[in-house]
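What follows is a single structure, written as structure tokens, with notes after it.
The values are calculated or read from the model by the stated rules, or taken from the named source; none is laboratory data. Quick caveat, the model's predicted, so the values are computed rather than measured. So basically every Cβ, Gly included, is an ideal-geometry build from the backbone, and we count neighbours across all protein chains shown. Surface accessibility is based on the protein's heavy atoms, side chains included, excluding ligands, DNA and RNA. Shrake-Rupley method; radii C 1.70, N 1.55, O 1.52, S 1.80 Å.
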Amino acid sequence: MAYTVTTNTSYGQRLKNSFSGIGMGFLMLIAGTVLLFWNEGRTVKTTKMLKEADKVCVELGDIASVNPEMNGKMVHASGFADTKDVLSDGQFGISLNAVKLIRNVEFYQWVEHTKTETRDKVGGGQETTTTYTYSKEWVGSPVSTSDFADPDYRGIENDVLLNLEDQTWTAQNVTFGAYTFPEGLISQMNNSSPLTVELSDDVVASYEAEFRKYYKAGETDTFLHPSGNVIYIGLNPNHAEVGDVRVTYSKVLPGEVSILAVVNGSTFEKFTAKNGYSMMTLTDGDVSRENMFATEHAGNRMTAWILRLIGFLLIYFGLKNIFKIIETLFKVLPFLANIVGMGVNIALFVVALAWTLIVIALGWIWYRPLLGILLLAVAGGLIWFFAKKGKEKKDAVAAAEPAPAVAPVAPEAPAAEPGKEE
């Protein structure tokens, strides 16, 4: 059953809210501008760093023994990353020889969902209707019901059988032939696979006894149900109840990897370019140097475009907050406000796009002048194009208006000849 709450906001309050949002709008505008400019520098510097690293990179060759001649050099190498470390999760007595042991936990809980709809009212007020619905779902952490909106669900039982957190155990000693990996390379080993869970009789008996102290269950009922890489904690894994817990395990085993790093004695460290940017990369499998650098360049470009989009959105929504007062002023007549709002949003989108291009262009002029000037010209052309279209539309509307009516003028009577009466 849905629970609905309706609130009304006066026209004056809406105006006040619009004014209070102007400050936030300027902060978003500044943040988006700074992010765009910084991102261009980051992109260029990362590209230069990758090119510098690629230029000096050499093949490490045989990793069966440490080669002193390679000390301090940027290298590419492929080989088997191994470890003798045994990782353990004492919670369930699980142990194995691996690079990583990963535990993910889910809880079956009551969850609140909200849907909000707003309606403008004649006179400038606004009616907001919020609908709250509730469902049982698997979530990543226990949910408190004390703040649920519906009194029937507020404070409803949402306890869990066992409160656990996600956790990853990582090997401290990983060898690469005669070399050892630093933490920076070990952390990049993420080729995970499911771990089949096996629980000892002692662990099962311990948990069953503990659960029976607090939860009602029959003599034949059990709470722990391991299956594959999942431990289901609850009375019936085929029929989840609120409070049930699902623990999933995965592992990262020793395996073939490829690296780009600087040799430091019998281990490795980051390559640092002249501009201060650095890298140390690991990829699963036997991957060539060319492909690894190509992947790094592609990742750099992808990051650049993601940050550009974020910067544009910050600028656009910042401008919307600043100029929201214009649309709000017309909210007295909702249909008129919708027309004005559409026009304002289109204009702000164009301004935000031009602003974004200009900031990127300025960044490029600062970091790579040739491309920056070209992009600046594109931004200027965009502004000119929309200004020209706006003028043409205005002229077309003016030309379509009918000419003003002119009253007919009666012809003048001919002048009388001299000596003749009219």
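Annotations
- Rounded to 10°, Cα long-axis angle of helix 369-400 versus longest principal axis of the chain: 40
- Helix 201-214 axis, angle to the chain major axis (alpha carbon atoms, nearest 10°): 60
- The mean sequence distance of close C-alpha pairs (under 8 Å, at least 6 residues apart), as a share of the length of the chain, puts its relative contact order at 24 percent.
- Given their separation in residues at 0.36 nm each and the Cα-Cα distance between them, Asn275 and Lys51 gain 79.4 nm when the chain is fully extended.
- Residues considered: Arg42, Arg212, Arg246. Largest GNM mean-square fluctuation over the chain, using C-alpha springs under 10 Å, is found at Arg212.
- If you sort Asp244, Asp166 by accessible surface, 1.4 Å probe, largest first, the order is Asp166, Asp244.
- Fraction of accessible area attributable to carbon and sulfur, the chain (%, probe 1.4 Å): 59
- Shape analysis of the stretch 13-164 places it in the oblate category; the axes a ≥ b ≥ c from the Cα gyration tensor give an a/c of at least 1.5, with a/b not above b/c.
- Within a Gaussian network of the chain (alpha carbon springs, distance under 10 Å), most fluctuating of Thr83, Thr180, Thr295: Thr295
- In a fully extended conformation the segment linking Ser141 and Asp166 would gain 8.1 nm over its present Cα-Cα distance, using 0.36 nm per residue.
- Local electrostatic count at Tyr134 - Lys and Arg +1, Asp and Glu -1, tallied over other residues with Cβ under 15 Å: -3
- Part-to-part distance (alpha-carbon centres) for the stretch 1-69 and the stretch 209-284, which is given in Å: 28
- Length-normalised contact order for the stretch 237-302 - Cα pairs under 8 Å, 6+ apart - percent: 29
- Residues in the chain average 58 Å² of solvent-accessible surface per residue, probe 1.4 Å, ligands and nucleic acids excluded.
- For Rg/Rh (Cα atoms, Kirkwood Rh), the candidate list reads [x] 1.20; [y] 1.05; [z] 0.98; the entry that matches the value derived from this model is [x].
- For the stretch 1-114: relative contact order, % (alpha-carbon pairs under 8 angstrom, 6 or more apart): 12
- Of all aspartates and glutamates in the structure, those lying under 12 Å Cα to Cα from Lys51, and not within fewer than 8 positions of it along the same chain, are Glu290, Glu296.
- Angle in degrees between helix 11-56 and the longest Cα principal axis of the chain, rounded to the nearest 10: 60
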